[in-house]
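Chemist: The structure under discussion is supplied below as structure tokens; questions concerning it will follow.
The values are calculated or read from the model by the stated rules, or taken from the named source; none is laboratory data. The model shown is predicted, which means the values in this text are computed figures rather than measured ones. Backbone-built Cβ (ideal geometry, glycine too); neighbour counts: all protein chains shown. Accessible surface is based on the protein model in full, side chains and every heavy atom, while ligands, DNA and RNA are left aside. Shrake-Rupley method; radii C 1.70, N 1.55, O 1.52, S 1.80 Å.
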Amino acid sequence: MQYCWLPQERREPILREKPPVVISNKRFQRIRAHATQAAKQEQLHQQQLRDEADEKLRIGGEELLRKFAGRNLCITREEECARELKQLQAEQLEAKRLAEEESKAARLEHQKTRKKRIEAAQKLLEQLRPGPRELQCARLQSEVMRSVNVQREVQAEFARVNQQQKELDRKIFQEQVLRGFEEAQQRHKEQCQQLSDHKKDLLHLIAERERERQATKAKELEEALKERERNERMMKDQQTKEKEQQAAKQSMKKDEALASLVMSDQRQKRLQMLEEMEQVRCDIHNKAKGHLEQLKRDRAKERVEQRIRRNEKLAKELAPRLHYSAREDEERHKRQLEEMRKVHSAEQAKWRKSKEQAKNARLAVQREEEELARKSRQKAEEERKLAEELRLQNDLTNVQFKRQQREEHIQRIRKLRQDLDEQVKKRTEEETRPGTNYNREAQLQELREDDFFFDYARQLMDEAQAKGCPLKPFIRAVGQYKNDNRIGAEIRIPRHMVTRLPMGRRTQGDSQAEGKEKPLDKQEPNSEELSKEEKLLRQKIQENLKKIDALVLQEGKDKDDQKK
């Protein structure tokens with residue numbers, strides 16, 4: 001910036017070219033991916049439909065297998081051909097429908113791509129408006145920072161939700177563990193209670209059994225004592241009786257000896273009778289067994305005699321045949337062979353005829369199938385050729401459209417360059433016109449550029465604040481522009497050089513200690529001589545700077561509020 005009190009000199013005009021629009025490879029790949037996203041989604045949708053159809057077919061096959069329980073249900077060749085023909089027609093209809101859907105999706109995708117290209121061209125024209133390159137870069141950086149901040153917020157929120165979910169899962173797991181532990185304790189308590197009740201029942205039963213056993217034992221002991229006492233009484237009675245009868249025993253010994261001899265004789269007779277009975281039983285058994293053996297021998301002998309009689313009868317029946325000659329047997333064998341050969345030839349002819357008919361039927365069906373397959377292949381080849389021609393026509397139309405768009409873009413760029421060349425030429429003519437104050441015009445042009453810069457920066461910052469983008473890149477760009485063009489650079493006097501003592505009459509150049517320091521922000525000493533346009537431009541610049549500062553302060557307050 002030149003000041004009016006400095007020596008005037010002519011300054012070369014600075015031509016600020018518009019910066020080209022440069023995007024990164026990553027952004028270009030993302031734009032291209034967004035352009036082909038609809039086609040990929042359509043392909044994924046078609047693949048999902050095909051997978052669902054295959055899954056339904058598999059489930060239907062499994063149901064049929066379960067329904068028929070592995071039975072072999074073979075269909076005829078005609079039904080199989082009809083089914084294949086019907087399936088081929090269904091596949092052709094499905095292919096036709098898919099081709100129509102693909103062509104429709106391609107048209108929609110083409111329209112979307114064209115709309116996106118038109119929007120991108122409009123955005124490019126919007127970016128090609130007069131505007132500093134630094135502000136455009138700052139706007140892009142701000143959008144990137146906003147996306148990064150949003151991504152960080154989303155990641156933080158996602159991490160917080162994950163942490164909450166983990167805590168919730170941990171609480172649920174703890175509750176489940178505690179509930180399971182309490183249930184296990186309850187079950188253990190119930191089992192212990194049941195076991196104690198069972199033990200009590202067992203102890204009670206054992207005690208009852210023991211009491212019963214003791215009572216039985218006591219009863220048996222009492223009965224044994226009673227029996228013993230009775231035996232003792234009997235022994236005593238017996239002894240008394242023996243003592244009483246001892247005298248009579250001597251006299252009766254002989255009678256008793258005789259009685260015992262009689263008893264022994266009777267016992268021996270009984271034993272002899274038993275032996276005789278056993279012997280009779282054995283004799284009867286042996287006799288019956290011998291009779292049975294004799295019956296078996298008679299039966300075998302009778303069977304042998306019957307066989308001999310039958311053989312003799314057969315020999316008598318076959319005896320007349322032995323007088324036949326071998327010639328008659330040979331003729332008879334030949335007649336039998338001829339009859340068998342005729343029967344076999346008729347059966348073979350019938351079998352060959354049926355086999356030939358089945359073979360002809362199979363060949364006819366095979367020829368029909370081959371004809372159908374040839375027609376279907378021919379039709380599929382014609383459809384494929386038609387689809388290729390249609391695809392080539394679409395590609396040709398797309399190439400022509402792209403070529404036309406490229407030519408229009410090149411024409412717009414050429415027209416824009418011509419306009420810029422004309423503006424530069426007109427400006428050069430105005431600057432080289434005689435009688436013009438070039439320094440004044442240059443100062444006004446710089447003020448206009450500064451006014452446009454700050455106004456455009458303020459607009460971009462308003463838009464960024466409305467979208468929620470950070471203003472740090474704009475602050476950096478504005479500060480760099482102010483430093484490069486010495487905007488806001490004031491001449492300040494250090495405090496140790498400021499004095500309030502009157503030292504004669506104040507002249508120009510003395511320190512302004514009592515009054516306010518007058519800023520030298522691109523101002524001339526005599527502001528009354530400035531033109532109205534220059535005053536208006538400076539006023540606009542100051543207002544835009546104040547608005548920018550207000551936006552910066554507002555962003556700082558918003559950040560503090562968010563932190564609190």
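Chemist: Got a sec? Which of Glu524, Glu431 is among the acidic types (Asp, Glu) and either loosely packed, with under 13 Cβ neighbours inside 10 Å or modelled with pLDDT of 55 or more (or both)?
Modeler: Just a single option satisfies the conditions, and that option is Glu431.
Chemist: Can you tell me which residue within region 324-356, out of those that are small (Gly, Ala, Ser) and either part of a helix (DSSP H, G or I) or in contact with a strand residue (DSSP E or B) (Cβ under 7 Å, 6 or more places away or on another chain) (or both), is surrounded by the fewest Cβ atoms within 10 Å (Cβ to Cβ)?
Modeler: As a first pass, look at region 324-356 and keep what is small (Gly, Ala, Ser): 325-326, 345-346, 349, 354.
Then drop every residue that is not either part of a helix (DSSP H, G or I) or in contact with a strand residue (DSSP E or B) (Cβ under 7 Å, 6 or more places away or on another chain) (or both), which leaves 326, 345-346, 349, 354.
On the way: Ala326: 7, Ser345: 10, Ala346: 10, Ala349: 10, Ser354: 10.
Within region 324-356, the match that is surrounded by the fewest Cβ atoms within 10 Å (Cβ to Cβ) is Ala326.
Chemist: For region 98-113, give me each residue that is surrounded by 13 or more Cβ atoms within 10 Å (Cβ to Cβ) and over 17 Å from Gln47 (Cα atoms).
Modeler: Leu108, Glu109, His110, Lys112, Thr113
Chemist: Return yes when Lys253 is at pLDDT below 80 and surrounded by 10 or more Cβ atoms within 10 Å (Cβ to Cβ) and no when it is not. Quick ask: steps written out before the conclusion?
Modeler: Working: at pLDDT below 80: yes; surrounded by 10 or more Cβ atoms within 10 Å (Cβ to Cβ): yes.
So Lys253 fits the description; yes.
Chemist: Moving on. So, Ala466, is that one open to solvent by 80 Å² or more (accessible area, probe 1.4 Å), small (Gly, Ala, Ser) and at pLDDT 80 or above or not?
Modeler: Values: open to solvent by 80 Å² or more (accessible area, probe 1.4 Å): yes; small (Gly, Ala, Ser): yes; at pLDDT 80 or above: yes.
Judged against the criteria, Ala466 is a match.
Chemist: Residues Arg403, Arg374: which one is closer than 30 Å to Gln111 by Cβ and within 56 Å of the chain's Cα centre (by Cα)?
Modeler: Values: Arg374 fails: closer than 30 Å to Gln111 by Cβ.
On inspection, the qualifying residue turns out to be Arg403.
Chemist: Also, quick follow-up: Residue by residue through region 37-47, note down the ones that are within 12 Å of Lys112 (Cβ to Cβ) and in contact with a helix residue (DSSP H, G or I) (Cβ under 8 Å, 6 or more places away or on another chain).
Modeler: Those that are within 12 Å of Lys112 (Cβ to Cβ) and in contact with a helix residue (DSSP H, G or I) (Cβ under 8 Å, 6 or more places away or on another chain): Ala38, Ala39, Glu42.
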